[in-house]
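In what follows, a single structure is set out as C-alpha cells and then discussed.
The values are calculated or read from the model by the stated rules, or taken from the named source; none is laboratory data. Everything numeric here is computed off the predicted structure, so don't read it as measured data. With ideal geometry, Cβ positions are generated from the backbone for all residues, glycine too; neighbour counts draw on all protein chains shown. Remember, those area values only see protein heavy atoms, side chains included, never the ligands or the DNA or RNA. Shrake-Rupley method; radii C 1.70, N 1.55, O 1.52, S 1.80 Å.
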Amino acid sequence: MKAIWKGVLPRVIAGTAIIAMSTATLATGGVTQAGAASKVTISVAYAANTTFDTTPLGLTWWTAVKTEYEQKYPNVTVNLVAVQGGEPDFLTKLALDYHSTSTAPTLAQFPSTEIALYQSTGYLKSLSPFLKNSSWFAQFPKVIQNEGLIGGKIYAVSSGENNVGLYYDKAIMLKAGIKLPWQPKTWNDIIAAAEKIKAAEPKIIPLWTDAGTSAGPNGAGYGILNLLAGSSTPTIQTSSGKMVVDSPGLLQTLNFYHEVFSKGLGAPTSQLFSPNNAPNIPSADFFKGTLGIAVGANFLGGNWTKQVSFPYWSKASTAMGVAGLPKVNGGGYASTLSGWDFGISSAASSAQATAAFNFMNVAQEQKNLIEAGNWAGWVPPVQSDWTVPLYTNFAAPFNEEFGKLLPSSSELPTSANYSVWVQGIEEASGTLAQTPSTTGAQALATMKGFVTNQLGASAVTTLK
Amino acid sequence: MASLPVMDTVTGPSMSELWKTRHDKSRYQWSSLGLLTPAFALLVLLFLVPMGFAVYLGLTNLTLVGPTAIHSAFTGMANLERLKSDTTFWSSLWATGIFIVGSVVGVVVVGYVLASLLMRARPWMRMIVGGVVVVAWMMPAVTAGMTWYASTTGGGAFSTLLGIPNTNFLDNDPLLVVTLASIWSMTGFSMLVMGAALRNIPSEAIEAATVENASSWQRFRMIILPLLRPTMTAVVLLTGLLALANFSLIYIMTQGGPGNATNILPLYSYQQAFTYNNLAYGALIGNVMVVIATVFGVFYVRITARRL
Amino acid sequence: MNEIRFEHVWKMFEGNAVVSDLNLDIREGEFLVLVGPSGCGKTTSLRMLAGLERPSHGRIWMGDKDVTDVATGQRDISMVFQSYALYPNMNVYKNLAFGPKVRKEPRSTLQQRIHEVADMLGIRHLLDRSPAALSGGQRQRVALGRALIREPQVFLMDEPLSNLDAALRVQMRAELIRLHQRLESTTTVYVTHDQVEALTMGDRVAVLKDGVLLQVDAANDLYEYPGSVFVGEFIGSPKMNVVPGTLQIDGGQIVVECLGVRCDVSRELAGRLSATATNGPVLVGIRPHDLHLNGEAPSDGPAVQVLIDICEHTGTEIFATVELGDTKLIARLPRSPMPQAGQAVEVAFNKERLHLFDTTTRESLIERQAKREHISVGSPEAVLDAQSS
Amino acid sequence: MSDVHGMLMSADDVAEMTSDPVMPPANRETQRTKVRSATLHLVLGALGVIFLAPMLWLFLASIDKNASWGVEWPHFSLINFKHVLTGSLLHSLWNSVVLAVISTAIASITGVFAAYSLSRRRIPFKGPLLLFIIFSSGVPLAIMVIPVYEIFSRFGFLSILPTAVFLSVTSLPFEVYLMKNFIDAVPIDLEEAARMERASTFQVLRRVVIPLAMPGIAAASIFGFVNAWGSFIVPLILISPANQQPAPIAIYTFLTLPKAEFGNIAAYSLVFCVPVFILYAVSSRLFREGFVLGGGVKG
C-alpha cells in the first residue's frame, strides 16, 4: 500500500497541488513568508481563544512578546500561528499540525497533559541542553520543573499553572448561617454548607462542580479530578502506565457527585453541559448572585477584573471568599495541577531551535510571565512571582490565594490512554448530573466498562 | 428493418473486398477520453483511493499522536475484534439507527402532510408556511445546529413559548431533540418534492374515487400512496443517506453528548480519530458507515438507473 | 464536378441492414428526392451523405473525391434538418452567422451576405428575433437561410416541410423549387415520406423500401412505369388496385383475366410484355383513375357489376370503394349523379393502362419503350448498366 | 445538509404551488368544508410556528446588543452586524467565498466535460461508469475525511486549495449526473448542425451545448456552491492554517469562546446564510426559464 504513495500518485497530486498551492497563496493574501537565506523563520503556535481569558488579551500578549523578541533578534522572523477553537479543537488542530513536518510549529504552547503524548510520538526536542544555564528555570518549584521530565530529559517547560480551590459568595454564606471565613475540613463540610444554602435560598445554585464532557479533557481538571486528588486513593495512572478504573477513591469521588446531584445541590445541566466553556460559567453566576459555592479554577478570579470583564465585577474582591479544597476526610488540601507548557518541535533545525528557545527566554521574563499569568488566569511557575504586586494586585485576593494553594496540588498524568480515561470519568460525572438517581457505584461500573472496552483489559487496573 | 440480405445480390470482384472493410466500426474518439479524464481523475484520486486507503487504515494501529503516529503497523483484524466488543460502538450504531429512522419517518410524514395541506391552503398561508419550511431547509447545518441549540436549551424559544422557561429539552431528551432538528432541516426538501409529485397526480383519478364514494383514507391508501411511492422511496433513501452523514448539526448541538446519547457513527468516528487519537479505529468506523451507505446506495442506484 | 455517387453502400445497425447495397448516382444540379415509408433508410442515406453517419460498407463519392471517411464539416454541404435545428440561444442573425464564424470566414462581407440571404428568403425583418418568437414557416426559412449562407455544392434536406401545416407546405414546396432553380449548379437531395411532395418537387425520385433502392426515375415515369407492386402502390393517390389475374399468351394474342372477366390487352401494351412473362397467374394493377363508370372513356375494357361501399369526395372527383364479391377496389366516379353507398354500378377499366406483375417477384412484367432506360428492380448491376448506357 | 435532487425545486416553487389543486367546487362549500378549511389552516399555522420557532433566536439575538441563548425582546441595535463585518470574521467569509468558488469551478468545469461525453460519446464501459457516478453521488463523501486527512497530511496539503479540490469531488458525481440529464435534453440535431458547419468539439460545447444546458449547469453549480459553502467537518479537519478557515469554522469557534458574544454569533450566522438564500431565489427563476429550450426545435 505504501508503495503507491511513492509512485505515480504523488506526482499526479503534486501537479495539481503546485497549481493549487500557488493560487492558495494568492487567494489568501500570501500567508507564507519565505525566509531569506541568512534569516531564520520560526512559527509559534498558541491557542487563540482558550488559554487567555479573552482573544484580544491573547493577541496583545503574544504580539508584545513577538515585538520585543524581534527587536532583540532582528535576524529571526516570527510567525504567530493562532489556532482557533475551543480547547478540544485546539488540541486536535495542534496534533494535526504536528503530524506533518511542513505544518509543525517550531514552538508551541500546549497543556501539560499532552507532553508525554507528543514526546512519545517524537514531536518534541529535548530542552535539557538549553535549560542547563537557564536562570528562570532554576527558580521553578521541583514539581513544575518535572512536568516535562520524561526519561531524564525535559521536553517542555511551564509558562503558567492552573489549580483549583473553593469560591464562595460571602453574603449567601452569611444568609445560610455559615460563619466566615469559611474553611471546610472534609467533603461532608462542603455538602453540609450547600444544604444550608439550599434551605436558606432555594432559588440559587448551592454548589458548582464541573460535570460532563462539554469542556473537553481538561474540563475534568477543573472539576471532578480535584476531588479524586483529595480522595483516599488519588492515583489515575499507575507507575506501570495502567489506567485505574476502579478504586476506593474513584468510588468516594463519584459518591460525592451522587450526593451533590441527588440532593439537588448541583448546577443545572444546561450550564454544566454548555458548549460555551462551562468552567467559566461560575464567574457569571457569582456575579448575578445565583451561586453559593463553586469548585473552581484559579482563573475565575481574573474573570472579574476590568481587563477580562467576564463579567467585570469591581466588588468581587470583597464579596467573594476563597478556600482550599479539603481532602475527603480532612488532612489538608488537594487540587490538580495542570500547566501550559512550551515545547520545541523535533522538526526544527538547530538554528530554529535556538531561536525558539530565545523566544521562550523572552516569554519567561518576569513581566511577560506575570502578565501571561494575569491575562490567561495562571499561577506563574516561578514561586517568587506569587508575591510580586504585579501578580497579587491583578485579581486580589484571588491570585495570591491560589499561589498559596499551589504547593498542595498534584500533577495530572499524561498519556494517550488518559484522554480515553478522562472521557470515561467525565461521562460518569455527566450521568450523575443528568440522572441523579444513578448511584456512584453504577456510574463507576459504567466508567470501568467504557474505559476497559476502549483500552483493553491489559491497559487498566483496579486499586484496593 | 430488413434482415441481412442474401450475399449474392451483390456480385462482382469488388464484393469480397467490400465486406472486408467496415467503416463504421465502433470507434472511440480520443477526445472523449480527454473530456472524461479530469473528472474521473479527481474521483479516482479523492474518492476511490481514499476509500481503499480507509480500508487499509482500518487494519492498522495508526494514531494521531503517540508512538504509532509515525510508525504505524498493519495489525490485521485487531481493530475489528475491538469493534465487536466495543459497547460504545454498538450503542452508537443503535443511536444512529434511531436517528436515521426517526429522521426519515419524520421527514416523509411531515413533508407529506405539509405538501398536501399547503395544496389546499390559501395562497398567503402557502407563501408564509411554505417559505419558513424551505428557509429551514436551506439553512447551512452549522447555523441550523446553533439555532436548535439556542431554542431547545433552558430559556430557549421552545421552553419560552411553552411557558416552562427553565426546561432544558436538549439535555432531557437529547436524541429526540437532535432527531427533531434533523427533521426540521430536511423537511423542506421532501415537502417540495412531494408537492411536485402530488400536483402531478391527475385530479380525475381522485375525483373518480370520490364519485365511487371512497373515504379520504381510502383515497390516500389506494390512489395517492401508490402514485407517490417512487417519490417517497427516493426521499427515504436520500434523507437516510443525509441523516447518516449528519455530523455538523449534532456536533454543534451536543458534540455527541450528553454521555453517548447522541453519539451517532460519524461523531463517534470523529471522536475516536481526533479526540482519542485513534485514527485507524476512527477510519474503521468510517468504513462501517460506508458499508451502510452502500446498502442505501445500491437501492438508490437501482431506483435511479431505471430513469437513466 | 459535384456528382454524387453511392457505391455499394450498406448501413448496419445491430446486425440489421438499414440500407442495403445502395447504388445511386446523383447528377450535378439535380433535385433528387429520396422517398419511402418510414424506416426505409432514406434519412440514414442522407445522413451518410452528410457525414453524420458512416456507411458500414461501400463508398460515397462527391465528384472524384472519396468522402466516405471525410468529416462532416469538410464536405461542403449544408443541411436543413427536419427539426430545423435552430440554435435557440441565438437570434436569427447569429444563427445565420454561426457557420461563417466557426469557420473563421472574413467578417467584412458577412453582414452583407446575411442580408442578401435574408432578403432572398424574406426574413430580413426577423434578424433580431429569437427562434422561439418565430412561426413554423419563418423558422423553416431561417433554417434554409443558414444552409444557403454556406453556398454549398450540395444541399441536403431532411423532411423540411413535415412540421408545417398543409397550406404552408404547398407554398414552401413551390418556394423550394424556385430556390433550387435559382441556385443552378447546386445539387439538392431531399428526403420525404410524402409521395406527392416527391412527385411535385423531384427532377428524379428514388423510391426506397426496407433499405433497398427500388427504382430511380423521373416523377412521371415512376407513375407510368412502376417497376414493382410496391412502387405502383406507393406512388399515386389513391393507391393502385392490385388484383389476382391470369395471363394467357397465345401467339400475338395476349389475354388477361381478372375480376372475373377476360380482356384482350392492347397491341401497344402487348408489345412491351416482358420476355419472362409466361402463361399463368399474374398480379394486375389498375389505378383508380383507370377504373371508372362503364362508357366514360373510349378504350374501356370489359365492365363488371359492383356495389358502392364508401365514397370519398376530393372536390373535383369522387373515389369510391366498391365491392366485387370479397374484393374491394377503388374507382373514380363522376360527381353527378351523386353516387350513393349501397348503389350497384357498372365499372370498366382502361385496358391500355393495365400493370402486370409477377406473382412471386412482384416485379413488373411490362417493359418500357426502347428509348427508355431499362430498369430491372433490385438488381444493382442492372441499375448501373442502365445508368452507364 | 440541504441536498440535492431538490435543487430542481426551490423557494419559488412554494409560491408556484398555486396550480389548481383538488378542491371541491365552490357551490358545495357547506358548513362542513368551512370547518375543515379552518382546521386545515390552524394545523398549518401550528406547523409554521413550530418551524419558525428555532429561527426566532437567530433573528432576535442578531439585533440585540445584550443577547444570550434565550429568546427575549431585543435591545435593538445593529452593533452586532457592525462587529462581525470587520477583521478576521470578514476574512473568514472571504475564505468561504474562495473555498466555494474554487470548488464549484473545478466541479462544474470538469463535470460539464464529463457529462457531455457521457451523454453524447461512445465510451468504453459507459454503463458501469454511469452507475459509478450515480452510486458515488449517493455516498456522502464527507465520511471519508479521515483517509483524505491522512493522505493530505502526508503531502502537506492541509490548506484551503486542496480542501477546495476535495470539496469539489464531494459534489462532482451529483453535478455530473444532473448536467448529463440536461445535456441529454439538448437536441442532437443542433449539435449535428454545428458539426456540419465545421465546428470543433470545443466550439460545439461552448456555443451550443453549454448555453443550452445552462439551467442544468447552473443548478449543478449552485448545488456545488451550497455544498462547499456550508461544509463544516471537511474544512475543520483539512484546513490547517487559522487564517484560511472558512466562516462555518469561525461560527463554531465563536461558540467555544470563553466569552461568547451571542449577538455576534447570530448576526454572523445570518450574514453567512444570505448568499445561500440569494442563490436559491435566483436559481428558482433560472430553472423555470431554463426548461423551455426556446422554439428552435419543433414548434
When every residue in region C:66-110 that is touching a residue at least 60 places away in the same chain (Cβ under 8 Å) and open to solvent by 30 Å² or more (accessible area, probe 1.4 Å) is compared, the one farthest from the other protein chains (Cβ to nearest Cβ) is C:76
Output the residue which, of all residues in region A:389-428 that are of a type in the set (Val, Ile, Thr) and open to solvent by less than 30 Å² (accessible area, probe 1.4 Å), is nearest to residue A:337 (Cα to Cα).
A:422
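Open to solvent by less than 20 Å² (accessible area, probe 1.4 Å), more than 17 Å from residue A:427 (Cβ to Cβ) and not hydrophobic (A, V, I, L, M, F, W, C): which single residue out of A:188, A:162 fits that description? Show your work before the answer.
Working: A:188 fails: open to solvent by less than 20 Å² (accessible area, probe 1.4 Å).
Going through A:188, A:162 in turn, just one is open to solvent by less than 20 Å² (accessible area, probe 1.4 Å), more than 17 Å from residue A:427 (Cβ to Cβ) and not hydrophobic (A, V, I, L, M, F, W, C): A:162.
Among the helices (runs of 4 or more DSSP H) lying completely within region B:83-180, list those that include at least 1 residues that are open to solvent by less than 10 Å² (accessible area, probe 1.4 Å), under 19 Å from residue B:246 (Cβ atoms) and in contact (Cβ under 8 Å) with a residue 12 or more places away in the chain. Can you show your working first?
Working: elements: B:87-120, B:123-138, B:141-152, B:157-161, B:169-172.
The helices (runs of 4 or more DSSP H) meeting that bar are B:87-120, B:123-138, B:141-152, B:169-172.
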So which residues in region D:94-131 are among the hydrophobic types (A, V, I, L, M, F, W, C), assigned to a helix (DSSP H, G or I) and open to solvent by 20 Å² or more (accessible area, probe 1.4 Å)?
D:94, D:97, D:101, D:102, D:105, D:106, D:109, D:113, D:129, D:131
Which pairs do you get when a residue that is over 22 Å from residue D:104 (Cα atoms) and within 7 Å of another protein chain (Cβ to nearest Cβ), found in region B:27-53, comes within reach of a residue that is part of a helix (DSSP H, G or I) and among the small types (Gly, Ala, Ser), reach meaning Cβ atoms under 6 angstrom, with the pair 6+ apart or on two chains?
B:32/D:117
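I want to confirm something. Restricting to region C:315-337 and keeping residues that are β-branched (Val, Ile, Thr) and within 18 Å of residue C:350 (Cα to Cα), which single residue is surrounded by the most Cβ atoms within 10 Å (Cβ to Cβ)?
Applying the first criterion (β-branched (Val, Ile, Thr)) to region C:315-337 yields C:316, C:318, C:321-322, C:327, C:330.
Subset that is within 18 Å of residue C:350 (Cα to Cα): C:318, C:321-322, C:330.
Values: C:318: 18, C:321: 18, C:322: 26, C:330: 20.
Among those that are β-branched (Val, Ile, Thr) and within 18 Å of residue C:350 (Cα to Cα), it is C:322.
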If residue D:275 meets every condition in (1) open to solvent by 10 Å² or more (accessible area, probe 1.4 Å); (2) within 14 Å of chain A (Cβ to nearest Cβ); (3) within 28 Å of residue B:133 (Cα to Cα) apart from one, which number is that one?
(2)
Contact list please: Cβ distance under 7 Å, first residue in region C:249-269 and closer than 17 Å to residue C:294 by Cα and among the aromatic types (Phe, Trp, Tyr), second residue open to solvent by less than 70 Å² (accessible area, probe 1.4 Å) and in a loop (DSSP other than H, G, I, E, B), pairs at least six apart or on different chains.
none
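Yes or no: residue A:451 touching a Pro at 6+ places or on another chain (Cβ under 9 Å), open to solvent by less than 40 Å² (accessible area, probe 1.4 Å), of a type in the set (Val, Ile, Thr) and part of a helix (DSSP H, G or I)?
Working: touching a Pro at 6+ places or on another chain (Cβ under 9 Å): no; open to solvent by less than 40 Å² (accessible area, probe 1.4 Å): yes; of a type in the set (Val, Ile, Thr): yes; part of a helix (DSSP H, G or I): yes.
Criteria not met by residue A:451.
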With respect to residue D:70, determine if the residue is part of a loop (DSSP other than H, G, I, E, B), farther than 19 Å from residue D:274 by Cβ, at pLDDT 50 or above and touching a helix residue (DSSP H, G or I) at 6+ places or on another chain (Cβ under 9 Å).
yes
Which condition does residue D:237 not pass, out of (1) more than 22 Å from residue B:151 (Cα to Cα); (2) open to solvent by 10 Å² or more (accessible area, probe 1.4 Å); (3) assigned to a helix (DSSP H, G or I), if it passes all the others?
(2)
Subset of region D:255-272 (residues that are more than 7 Å from every other protein chain (Cβ to nearest Cβ) and surrounded by fewer than 24 Cβ atoms within 10 Å (Cβ to Cβ))
D:261, D:262, D:264, D:270, D:271
Sort out which residues of region A:248-269 are open to solvent by 30 Å² or more (accessible area, probe 1.4 Å) and either closer than 19 Å to residue A:191 by Cα or polar (S, T, N, Q) (or both), and write them in order of number.
A:251, A:252, A:255, A:258, A:259, A:262, A:263, A:264, A:268
What are the residues in region C:254-291 that are among the polar types (S, T, N, Q) and closer than 14 Å to residue C:351 by Cα, if any?
C:266
Checking the structure you have, find out if any residue of region C:80-89 is on the phi > 0 side of the Ramachandran plot and out of contact with any Lys or Arg (no Cβ under 7 Å at 6 or more places or on another chain).
yes
For the structure I just gave you, tell me whether residue C:49 is aliphatic (A, V, I, L, M) and surrounded by fewer than 19 Cβ atoms within 10 Å (Cβ to Cβ).
no
Counted residues in region D:181-217 being of a type in the set (A, V, I, L, M), outside any helix (DSSP H, G or I) and at pLDDT 85 or above come to 3
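Tell me which residues, restricted to region A:232-247, are of a type in the set (Val, Ile, Thr) and surrounded by 20 or more Cβ atoms within 10 Å (Cβ to Cβ).
A:236, A:244, A:245
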Tell me which residues, restricted to region D:174-193, are within 7 Å of another protein chain (Cβ to nearest Cβ) and either more than 30 Å from residue C:131 (Cα to Cα) or not charged (D, E, K, R) (or both).
D:176, D:187, D:190, D:193
Which condition number in (1) open to solvent by less than 30 Å² (accessible area, probe 1.4 Å); (2) within 24 Å of residue A:86 (Cβ to Cβ); (3) out of contact with any Gly (no Cβ under 6 Å at 6 or more places or on another chain) is the one that residue B:228 fails?
(2)
Report yes if some residue within region A:194-201 is on the phi > 0 side of the Ramachandran plot, in contact (Cβ under 8 Å) with a residue 40 or more places away in the chain and not assigned by TED's automatic domain parsing to the domain that holds residue A:119; otherwise report no.
no
When region D:218-234 is examined, which residues are found to be open to solvent by 10 Å² or more (accessible area, probe 1.4 Å) and not in a helix (DSSP H, G or I)?
D:231
